[in-house]
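Taking it in order: structure first as structure tokens, then the write-up.
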Amino acid sequence: MPGTRILVLSQYYTDDRGNGEGVNRGAKIVADHRLPRSPFGTGVKFSPEFGDLIAQIREEGFNPAYLQHARNFNLNHPDAFQTLTEMELRS
């Protein structure tokens, strides 16, 4: 059975703990993308939808200039779990 999701980990995000030497941010799951349950052939790699998904994953996970707040992580997958502490979520 093919996978049904892609998890994106990133160390590039913000939260309400501020910045500086004392703030230690490790990588968090910043996105949990749902994939179709039916398998695709290798030709899917050339589809516009696949290209858009790859671009989005690169932006969310690997671009240091893309600093989304922890409250805005894309964790809408039905099986997504919360990895943030109360301090990281505090507004």
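When Asn24 is tested against the conditions (1) loosely packed, with under 13 Cβ neighbours inside 10 Å; (2) assigned to a loop (DSSP other than H, G, I, E, B); (3) in contact with a helix residue (DSSP H, G or I) (Cβ under 9 Å, 6 or more places away or on another chain), the lone failure is (3).
Counting the residues of the range 50-91 that are modelled with pLDDT under 90, assigned to a helix (DSSP H, G or I) and not aromatic (Phe, Trp, Tyr) gives 7. Inside the range 2-38, residues that are in contact (Cβ under 8 Å) with a residue 12 or more places away in the chain, over 17 Å from Asn63 (Cα atoms) and among the aliphatic types (A, V, I, L, M) make up a count of 2. Considering every residue within the range 31-45, establish whether at least one is among the small types (Gly, Ala, Ser), touching a Phe, Trp or Tyr at 6+ places or on another chain (Cβ under 8 Å) and either surrounded by 15 or more Cβ atoms within 10 Å (Cβ to Cβ) or modelled with pLDDT of 90 or more (or both). The answer is yes; a qualifying residue exists.
The values are calculated or read from the model by the stated rules, or taken from the named source; none is laboratory data. Small disclaimer: the values here were computed from a predicted structure and weren't measured. Here Cβ is always computed from backbone atoms with ideal geometry, including for glycine, and neighbour counts include all displayed protein chains.
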